[in-house]
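Trainee: First the structure, then my questions, so here it is.
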Amino acid sequence: MPPCHQSPFGEPCLVIGTSSSEIDPAIDWGFRTVSFPQALGGTSARNFMLYQRPTVGSLQLWADSVQDQSYNWHNFLPYFQKSLEYNPDAFIPTGGPLQVSFPDYAQPFSSYLPSGFDEIGISPAVDFSSGTLKGAQYCPMTIDPDGSFRASSQETYLTASMNCTNLKVFDLTMAKKILFDTPEKTRSVFRLTTPNSHSGIGPSTTLKKLRIPVIVDNVNVGQNMWDHVLAAVTFPIATDSATRFVNGLTGSQDAVYQAESVARWETNGTGPLSNNNADFLAWEKFPDSLDSRKFPSDWPELEYIGASGYFGNFYTNDLPIINPNWLDHPSDQATLLAGFKRVREVFASKAVQRGLS
């Protein structure tokens, strides 16, 4: 395996996370879902690095739900802006420490997508960082432009905060229990591995079965996780893609192309490895929502991501049981079906047809 895992191309394309043999403790929690063996998005350093912000309506819903207007778009935007370094209109030039930039390389097939989406009524977007998720564009990514490295949270936020006197990081240490001075006032959002149950916070019926003293009876703890569903529609294309680089790993004729690509990235941060292989995307809000659930009026049902290439084929140390209930809701099924139809329309467009083989 070439030494390119810190490249934008590396983790999304070389280590997909579809098998337990691909777990890397340095970047991955190793979570497995009940229903499917794929890695659950958002629980590791394996991601496509696309930088986007929520819609105005979704943040307002959050603020109203927790009865705290500091979370609405107007009040929260300054924190988005000052947390990163970049300078288009949606950003400020003096922020940091997160690096956001565009790749130094564009996927060849992506050049056909802007016109293809435009043909089916999805127009170019100004950006996805000003409170609106609508339209299509090349998306900025959390890439450090100095060498084209993945700008992970560890390499940006944590590194910048290591000298803070109010931050203490315990390496290779597992928290077993959370202690509260005033548990009756506790309001917290727990991630998957937070030891909330052993701390006495959760559904009282579950805690009592485990003989854990109940501090806060909250039936929502450990429930109601929402995750998006990713489905793929594939077409043969006539341009170079990630497949050419991956084929080089097998010693085929593409090995020279792979070696040249690695050399370009290691030397000056350019070439295919400086791109995440999913650089063009689009958001769409259907005129008549297919979803019966109460989402904000500006929240889109579908996100389209163009990627070129084929990649086929209660002890607190225990990992949590995760059941995302994908496609159980009729609205999820209807939205996914509509998405398949729209993708086929994109690939039937005159613009995209020119890039198919």
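Trainee: Under 8 Å between Cβ atoms, at least 6 apart or on separate chains: pull out the pairs that start in region 336-347 with a residue that is farther than 13 Å from Leu230 by Cα and acidic (Asp, Glu) and end on any residue that is part of a helix (DSSP H, G or I) and open to solvent by 50 Å² or more (accessible area, probe 1.4 Å).
Mentor: Sorted first by the residue in region 336-347, then by its partner, the list stays empty.
Trainee: Would a scan of region 284-294 turn up a residue that is in a strand (DSSP E or B) and modelled with pLDDT of 90 or more?
Mentor: Yes - at least one qualifying residue is present in region 284-294.
Trainee: Further question on the same structure: Out of the residues in region 299-316 meeting the condition of being at pLDDT 60 or above and small (Gly, Ala, Ser), tell me which one is nearest to Cys139 (Cα to Cα).
Mentor: Only one residue tops the list, namely Gly306.
Trainee: Something else now. Just the residues that are open to solvent by less than 50 Å² (accessible area, probe 1.4 Å) and within 16 Å of Ile178 (Cα to Cα), please, taken from region 202-227.
Mentor: If the condition is that a residue be open to solvent by less than 50 Å² (accessible area, probe 1.4 Å) and within 16 Å of Ile178 (Cα to Cα), then Gly202, Leu207, Ile212, Val216, Val221 are the ones that fit.
Trainee: Select from region 102-133 the residues that are within 24 Å of Ser241 (Cα to Cα) and among the hydrophobic types (A, V, I, L, M, F, W, C) and write down the one among them that is most open to solvent (accessible area, probe 1.4 Å).
Mentor: Phe102
Trainee: Consider Arg150 against the criteria (1) charged (D, E, K, R); (2) open to solvent by 60 Å² or more (accessible area, probe 1.4 Å); (3) farther than 14 Å from Arg53 by Cα: it satisfies all of them except one. Which criterion is unmet?
Mentor: Checking Arg150 against (1) charged (D, E, K, R); (2) open to solvent by 60 Å² or more (accessible area, probe 1.4 Å); (3) farther than 14 Å from Arg53 by Cα, the one that fails is (2).
Trainee: Being among the hydroxyl-bearing types (Ser, Thr, Tyr) and either open to solvent by 80 Å² or more (accessible area, probe 1.4 Å) or not in a loop (DSSP other than H, G, I, E, B) (or both) is the filter here; which residues of region 228-247 pass it?
Mentor: Thr234, Thr243
Trainee: While we're looking at this one, here's another question. Pull up region 58-75, narrow it to residues that are touching a helix residue (DSSP H, G or I) at 6+ places or on another chain (Cβ under 6 Å) and surrounded by fewer than 19 Cβ atoms within 10 Å (Cβ to Cβ), then point me to the one that is modelled with the lowest pLDDT.
Mentor: Restricting to residues being touching a helix residue (DSSP H, G or I) at 6+ places or on another chain (Cβ under 6 Å) and surrounded by fewer than 19 Cβ atoms within 10 Å (Cβ to Cβ), the top hit is Trp62.
The values are calculated or read from the model by the stated rules, or taken from the named source; none is laboratory data. What you see is a predicted model, and the numbers here were worked out from it, not measured in a lab. So basically every Cβ, Gly included, is an ideal-geometry build from the backbone, and we count neighbours across all protein chains shown. Just so you know, the surface numbers come from the protein's heavy atoms only, side chains and all, with ligands and any DNA or RNA stripped out. Shrake-Rupley method; radii C 1.70, N 1.55, O 1.52, S 1.80 Å.
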